[in-house]
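**Q** Before we start, here is the structure in question, set down as structure tokens.
Read-outs: derived from the displayed coordinates by stated rules, not from any lab. Being a predicted model, the structure only gives us computed values, none of them experimental. Positions of Cβ are generated from backbone atoms using ideal geometry, with glycine treated the same way; all protein chains shown enter the neighbour counts.
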Amino acid sequence: MIGLLAAISEAWSEIRVNRVRVVLSLVGVFLAVFAMTTITAAGNMARQMVGESTERSSGRPATIRVDAYPVSASTAETLRTTQTALREAATRHETAWWGLASQQGSQLTVRFPAGTQLVTASTVDPSYGTMHRVITEEGRWFAASDTDAFAPRLVVNRAFADQLGGFDPANPLTVVLGGDTPVTATVIGISASASYDAATPGAYVLNSDAQRWNLTGDPASTAGPGLEMWVPDADAEALVAALQSEVQASLPGYSVSVWRQDAGAELGILDTVLAYGVRGVGVFALLLGGIGVLNVGLVTVRQRIREIGVRRSFGATGGRVFFAVLFESVAATFVAGLLAVMLSIILVSNFPLDAVLPAGVTLEDVPPFPVRAAVEGLVAATLVGALAGLVPATMAVRAKVIDAIRY
């Protein structure tokens, strides 16, 4: 241990003596590690942003969609039969997160102060908000208790609320829905997801309310809601096959389609591209930085060759000289990598996302700084230092004592 500590102490002393030269040689390693860790963290945020965007439209991985349509014309009775069969299928498989949701927008007749207007609406269950990451800007999303309310509840977009004079949580907005049998609905929240066109009024309405008050019009001209189930990714393929046969058997004379609607496969490809792309750039940059460290190490050994010969003549072993020269490179690159990782963490953790994200794009769950990226940066910097120090250390050991003293 005394020899090891002595070698470490000697290596650190040489780094301090040649600190200007060492710092200049480590600029490449520092920038490479900083770029690699920062890009990895930024890639995680980009992946999370893309993932959340797709989850708002197609559901979280893995989301299975089940649609069933009667071969004959749809009626109120066939819609009730379809919904009952779909709910029984979800209950039978004991899925924690599931609900009915219309895939194509239904039409609500809304009596705005400026006149009656048809508004695109999605009929959903309360679980839809969690399964699709619906963001409520003001007010709240549907709760289970809303299904038993005495009046319909609506979650609308900003354009809808503006036509009613603005949203005030203390004084909930009300609006009349329907044509021949009107009913007064209460607006409980505003969500940017309630319409793909922010300038056009849009709304969410509960399936139970739409069915109870016939809010979406003639069943023959309205596509009924389908079943969405958020299940573990490993169970998705088997569950798709099971639901296809079970729902078809429970609804003879219906056309049943079951598929996985989330973007799990596409996000997997994005992860692969980001991972290999970032690592490829990082490895190339680290190689360039390692070449700089190698050159400085060779120059340093040539300048210290007489000193090394004197130390060998006084009994310093080849192993001690080899380790001292090697550790100079390893310690220097490790410190450079550590400083680069620390700077990357500070930058990423305090980066103002709201100021750079495009309008309408949100990041609900900001991923933490990837520990794996920090560890990989430190390990890569250390390995580069070890590889760059092997040649100078070997030259120092192989130098003959007499020749080194005469140099």
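**Q** DSSP loop chymotrypsin sites (Phe, Trp or Tyr not before Pro) in segment 54-151 with at most 12 other Cβ atoms within 10 Å of their Cβ, which ones?
**A** PHE150
**Q** A further question on this structure: Could you give me the radius of gyration and the Dmax of segment 27-181, taking only the C-alpha atoms into account and expressing both in angstrom?
**A** 21.3, 76
**Q** Report the full-extension gain for the segment ALA96 to GLU138: residue separation times 0.36 nm, less the Cα-Cα distance, to one decimal in nm.
**A** Residue separation times 0.36 nm, minus the Cα-Cα distance, leaves 12.4 nm.
**Q** Right, another one. Using 0.36 nm per residue, how much length does the chain from ASP168 to LEU118 gain when fully extended, once their Cα-Cα distance is taken away?
**A** 15.6 nm
**Q** Here's a follow-up. If the convex hull of the alpha-carbon atoms of segment 59-148 is projected onto planes in all directions, what is the mean projected area in square nanometres?
**A** 8.3 nm²
**Q** What distance in nm separates the simple spin-label points at ALA76 and SER349, each placed 7 Å from Cα in the Cβ direction?
**A** Calculated label separation equals 6.1 nm.
**Q** What ranking do 250-263, 38-51 get when scored by the average of other Cβ atoms within 10 Å per residue, highest first?
**A** 38-51, 250-263
**Q** Still on this structure, I have one more. Amide H neighbours of LEU206 under 5 Å, counting only residues 5+ apart in sequence or on other chains, H built in-plane at 1.01 Å?
**A** VAL124, ARG153
**Q** What value does segment 59-263 have for Rg/Rh, both radii from Cα atoms and Rh as Kirkwood defines it?
**A** 0.98
**Q** Give me the percent relative contact order of segment 59-263, please, defined on Cα pairs under 8 angstrom at least 6 residues apart.
**A** 38 percent
**Q** Something else about it: Convert each backbone phi in segment 319-330 into a coupling constant with the Karplus relation 6.51 cos²θ - 1.76 cosθ + 1.60 (shift: θ = phi - 60°), then list the ³J(HN,Hα) values in order as whole Hz, x for Gly and Pro.
**A** x, 5, 5, 4, 5, 4, 5, 5, 5, 4, 5, 5
**Q** What order do you get for 71-77, 243-249, 114-120 when each peptide is scored by the mean count of other beta carbon atoms within 10 Å, highest first?
**A** Descending mean neighbour count gives 243-249, 114-120, 71-77.
**Q** Now for a different question. Report the Cα centroid-to-centroid distance between segment 242-259 and segment 48-118 in angstrom, as an integer.
**A** What the calculation gives is 16 Å, centre to centre.
**Q** Taking 0.36 nm per intervening residue step and subtracting the Cα-Cα distance, what contour gain separates SER255 from ASN295 on full extension?
**A** 7.2 nm
**Q** Can you work out ³J(HN,Hα) from phi for every residue in segment 64-72, in order, using Karplus 6.51 cos²θ - 1.76 cosθ + 1.60 and θ = phi - 60°, giving whole Hz and x for Gly and Pro?
**A** Karplus values, whole Hz, x for Gly and Pro: 9, 10, 10, 10, 9, 10, x, 5, 7.
**Q** Let me ask another. Evaluate the distance, in nm, between pseudo-label points positioned 7 Å from the Cα of LEU390 and of VAL176 along their respective Cα→Cβ axes.
**A** 8.4 nm
**Q** Something else: At R0 = 51 Å, how high is the FRET efficiency between ARG398 and SER53 if r is their beta carbon distance? Nearest 0.05 is fine.
**A** Efficiency computed from Cβ-Cβ geometry: 0.30.
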